[in-house]
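Notes follow once the structure below has been shown.
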Amino acid sequence: MFPLLTILTMFYYICLRRRARTGTRGDIMNSRRAIESNHRTVPLTIEVQQHAKEVIDFSSHYGSENSMSYTMWNLVGMPNVYPSSGDFTQTAVFRTYGKWWQQCPSAPQNFPRTPLKFHSQDYVELAFEEPVYPTSVDVLETYHPGAIVKILACSLNPFSQTLPADIRWEVLWSGEPASIGTPQARQFSPGIKQINFPTNLIRLEVNSSLLEYYTELDAVILCGVKERSVLSMYNIPMIDINDLSESDEEKDSSEADHINWRVDSVFKEHSNNGYFDTLPYELIQLILNHLTLPDLCRLAQTCKLLYQHCCDPLQYIQLSLQPYWATVNDSSLDHLQTCCTLTQRLNLSWTGNRGAITFSGFSRFMKVCGAELVCLELACCHFLNEACLEAISQMCPKLQELNLSSCDRLHPQAFNHISKILDLRRLVLYRTKVEQTALLSIITFCTEIRHLNLGSCVMIEDYDMIASMISAKCRKLKSLDLWRCKNITENGIMELVSGCQFLEELDLGWCSTLQSSTGCFVYLARHLPKLRKLFITANRTVCDTDIEELAANCPRLRHLDILGTRMVSPSSLRKLLDSCKELLLLDVSFCSQIDTRVVQELVAHFPRVSIKKSFTQ
């Protein structure tokens, strides 16, 4: 009898917990009164269907900052393409796809301790007109679907003039990266979790690593009700007897509470810690290396011995807070300070936005933890300002890698401080407002740079001058990204490759001012024998002569993108594939002389190469 009562008590406790999560105490009391008053009629809720009104933030896009083609801004409003399938400029496209991107010379080293369920590589945040309790989120994917791995909702109204004290993000749905096996369009409508607040801010997170080509999104539809039925907040869900712990989403949403090294309770004194006392200190440290950060924080609260191990700075030589972006704040950084005095690689990408991290909190952390930093990842960190970059330049004397990708709200003047970081090896300024004067200063003083990303930096007035300075000062350069730079000419390219003959990776995609007739691509091929990746995307002047020079002079070439050229024939591609034995990726989309039949023949003869040929229908 007693075991049965115990089980029933457990079920009752679980039901109360779940009921408490779906409504406030006032909501529950109101629903109780509704039931007690002979089930008085509850007003019917009407479902509202909305398309995105505004793009609030995003991590990357294929398009230009000054146009609409292939940009995230295409997600606003009604669909432009769906239900058609194919490669359309009116869709939203992220910057990368596939795993080959991580094989490039410029690819950063992965961080250990990343949770197995954290797959996100890119994101976009969308605002809708009216806050609703979501009933569904529909994503219209028009090309190579399957990249979406997480959908989140925020309690903040993005159109509000003031920030609330507490901003919550709830996971509506999450999954693993997928390869659907078809490029055809689809409407993605996953089952979503019910939340207890209305939202008009939705975030999509994507991982395109398993896709064969760029994924394209056309529109996002948010469906929901403005007011929930009172009775719906009192419903008791079906409970699985095996589900006696918090769900993954609930754990994720509470992880901020565990990034807290302040142990409030006093540990009881024990004479020993069992077998742990007999293990070597180093062995315990090795075991703890396999724990994620939240698990490490939880374990620290169990006993003094494990607290000592979990707080050992050697556990934090490499630290990534990106998976916990929604909960990291000043308090989190304060509690981590004593553990991070030896940290060498730190990833704060995506964190701290909307006031979660302030300059004072960031500078306090850098003052204690910046001395040993070698790598600092700050992609999409919109809390950064000029004072933050000044603090980095003063407090991180050993810094070699700095990523400011998509920090597009940083004032141009702030970038001047980067020139004080003299030992820089890798600098990512993609989609920033860095200006020519600051960039010239950086190149002049940071002569050890090996990897430089200037993709979509629209404030640079004269890329030829930048190329000339790079050639003179940065002769050890291995990779240079000039994606969509608007004014570089053959003079800049020739000067660049003359001085930087160690280049292995060069991205000249969408640089429309380059002309093959000037001989710049032939000159490039003859002077860069170590070249492994070359993007000359959307340059219609690329011709057979250029391809044949690459075949003759660049035997280590692995990745080549010549999308959009009208002057390359199948014969020159065969020469390239015969000569470049390491070639793995070749993009010939929209090449007018390379039709589907030619691609099939090339694939049959060179199966090692992934040949890309996009389509529209």
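Here are some notes:
- Centre separation in Å (Cα based) which lies between the range 312-377 and the range 484-522: 38 Å
- For residue 595, solvent-accessible area (1.4 Å; no DNA, RNA or ligand), Å²: 70 Å²
- Charge tally around residue 203: other residues with Cβ under 9 Å, Lys/Arg +1 each, Asp/Glu -1 each, net -2.
- Cα gyration tensor shape for the range 364-499, rounded if a/c is under 1.5, else prolate or oblate: prolate
- Treating r as the C-beta distance of residue 194 and residue 116 and R0 as 41 Å, the FRET efficiency rounds to 0.95.
- Sequentially through the range 414-430, phi angles give Karplus couplings (6.51, -1.76, 1.60; θ = phi - 60°) of 4, 6, 4, 5, 5, 5, 7, 8, 6, 9, 4, 10, 9, 9, 10, 10, 3 Hz, Gly and Pro residues having no value and appearing as x.
- Shape call, the range 538-617: gyration tensor on alpha carbons, a/c limit 1.5: oblate
- C-alpha long axis of helix 463-473 to longest principal axis of the chain, angle in °: 90 degrees
- Helical contribution to [θ] at 222 nm, DSSP H n ≥ 4, -39,500 (n - 2.57), averaged over the chain, rounded to 500: -7500 deg cm²/dmol
- Label-zone membership for the range 309-324, site residue 398, 7 angstrom Cα→C-beta point, backbone N under 18 Å: 312-320
- Mean-position separation - Cα centroids, the range 56-76 and the range 143-214, in angstrom: 17 Å
- List 51, 290, ordered by accessible area with a 1.4 Å probe, largest first: 290, 51
- Count Lys and Arg as plus one, Asp and Glu as minus one, and take only other residues whose Cβ is under 12 Å from that of residue 154; the net charge is then -1.
- Solvent exposure of the chain, expressed per residue, is 45 Å² of accessible area, with all protein chains present and a 1.4 angstrom probe.
- Potential extension, residue 277-residue 307 segment - 0.36 nm per residue separation minus Cα distance: 9.4 nm
- The antiparallel fraction among DSSP beta bridges confined to the chain stands at about 55%.
- Solvent exposure, largest accessible area first (probe 1.4 Å, DNA, RNA and ligands not counted), of 537, 89: 89, 537
- For residue 132, the residues whose amide H sits under 5 Å from its own are 199, 200, ignoring neighbours fewer than 5 places away on the same chain, with H placed 1.01 Å from N.
- For the chain, with all protein chains in place and a probe radius of 1.4 Å, 53% of the accessible heavy-atom surface sits on carbon or sulfur.
- The angle between the Cα long axis of helix 544-553 and the main principal axis of the chain comes to about 80°, on a 0 to 90 degree scale.
- Largest accessible area first, the listed residues 502, 590 line up as 502, 590 when surface is computed with a 1.4 Å probe on the assembled protein chains.
- Accessible area (Å², 1.4 Å probe, nearest 10) - residue 338: 100 Å²
- Using the Cβ-Cβ distance between residue 64 and residue 579 with R0 = 35 Å, the FRET efficiency computed as 1/(1 + (r/R0)^6) comes to roughly 0.55.
- To the nearest 10, the accessible area of residue 596 is 80 Å² with a 1.4 Å probe.
- Extended-chain gain in nm, criterion 0.36 nm per residue less alpha-carbon gap, residue 187 and residue 597: 144.6 nm
- For residue 76, neighbours were defined as the other residues whose beta-carbon sits under 13 Å from its Cβ, and their charges (Lys and Arg +1, Asp and Glu -1) total -3.
- Rounded tilt (10° steps) of 2-22 against the dominant C-alpha axis of the chain: 50 degrees
- What the Cβ-Cβ distance of residue 227 and residue 99 gives, at R0 = 60 Å and to the nearest 0.05, is a FRET efficiency of 0.85.
- Legend: residue pairs 478/613; 150/433; 53/478; 150/612; 117/581; 473/581, Cα-Cα distance threshold 31 Å; pairs beyond threshold, 53/478; 117/581; 473/581.
The values are calculated or read from the model by the stated rules, or taken from the named source; none is laboratory data. If you're wondering where the values come from, they're calculated on a predicted model, not measured in any experiment. Note that we place each Cβ from the backbone using ideal geometry, even for glycine, and neighbour counts take in every protein chain shown. Accessible surface areas use protein heavy atoms only, side chains included; no ligands, DNA or RNA. Shrake-Rupley method; radii C 1.70, N 1.55, O 1.52, S 1.80 Å.
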